[in-house]
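Report on the structure given below.
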Amino acid sequence: MVEPRTADLSEAQLAAAEERGRIAAQIEPRAASARYDRRRGRMVVSLTNGCSFTFPPHLAQGLEEASDDELAAFEVLGNGYGLHWEGLDVDLSIPGLLAGLFGTSTYMARRAGQARSVAKAAAARANGAKGGRPRKSG
């Protein structure tokens with residue numbers, strides 16, 4: 001068996017990577033453009049497939065306290081794969097945003113714990129009436 005030369009292997013790997021990139025660009029959501037709508041307080045993202053979506057930036061990790069000027073100072077990266085705020089050191093992926101992921105798993109868990117609902121308030125009152133959270137043993 002003849003060993004492939006390193007140069008040939010690298011060219012084959014490069015061609016395979018380029019093909020994977022072409023396929024990903026066709027099937028993965030990518031941003032064609034994006035803008036910050038100051039009036040509505042929303043990021044507006046137009047996708048390459050003609051769809052668009054908006055999200056409130058204060059939900060995203062690192063953008064919670066950002067000013068309108070800071071929110072407007074971003075760029076679309078990676079052939080539309082993500083949004084980047086240089087001044088805030090924040091990167092968000094388009095697939096992640098579409099999946100409702102606005103930060104790391106720890107950040108998302110903390111945000112979920114901040115949720116307020118009638119059911120959560122009633123459960124907290126009922127727990128308080130029983131004396132509150134039981135003490136940890138051990």
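Checking each residue in the range 26-50 for being outside any strand (DSSP E or B), closer than 15 Å to Ile94 by Cβ, out of contact with any Gly (no Cβ under 8 Å at 6 or more places or on another chain) and touching a residue at least 12 places away in the same chain (Cβ under 8 Å) picks out Glu28, Pro29, Asn49.
Inspection of the range 79-92 finds a residue satisfying the criterion of being at positive phi and in contact (Cβ under 8 Å) with a residue 40 or more places away in the chain.
Scanning the range 51-62 for residues that are outside any strand (DSSP E or B) and surrounded by 12 or more Cβ atoms within 10 Å (Cβ to Cβ) yields Pro56, Pro57, His58, Leu59, Ala60, Gln61, Gly62. Scanning the range 63-110 for residues that are closer than 26 Å to Asn49 by Cβ, part of a helix (DSSP H, G or I) and among the small types (Gly, Ala, Ser) turns up Ala72, Gly78, Gly80, Gly96. Within the range 106-129, no residue that is under 15 Å from Leu59 (Cα atoms) and modelled with pLDDT of 75 or more sits with its Cβ atom under 6 Å from a residue that is of a type in the set (A, V, I, L, M, F, W, C) and assigned to a helix (DSSP H, G or I) at 6+ positions apart or across chains. Val44 meets all of the listed conditions (1) closer than 22 Å to Ala25 by Cα; (2) touching a helix residue (DSSP H, G or I) at 6+ places or on another chain (Cβ under 9 Å); (3) not polar (S, T, N, Q) but one, namely (2). Can you find, within the range 69-78, the residue that is farthest from Arg39 (Cα to Cα) among those that are surrounded by 13 or more Cβ atoms within 10 Å (Cβ to Cβ) and not aliphatic (A, V, I, L, M)? Looking at residues that are surrounded by 13 or more Cβ atoms within 10 Å (Cβ to Cβ) and not aliphatic (A, V, I, L, M), I get Gly78. Of all residues in the range 56-76, those that are on the phi > 0 side of the Ramachandran plot have Cβ atoms under 8 Å from Cβ atoms of residues that are surrounded by 14 or more Cβ atoms within 10 Å (Cβ to Cβ), 6 or more apart or on another chain, in Gly62/Trp85; Gly62/Leu88; Gly62/Val90; Gly62/Gly103.
The values are calculated or read from the model by the stated rules, or taken from the named source; none is laboratory data. Everything quoted here is computed from the prediction, not taken from an experiment. Cβ sites come from the backbone with ideal geometry, for glycine too, and all protein chains shown count toward neighbours.
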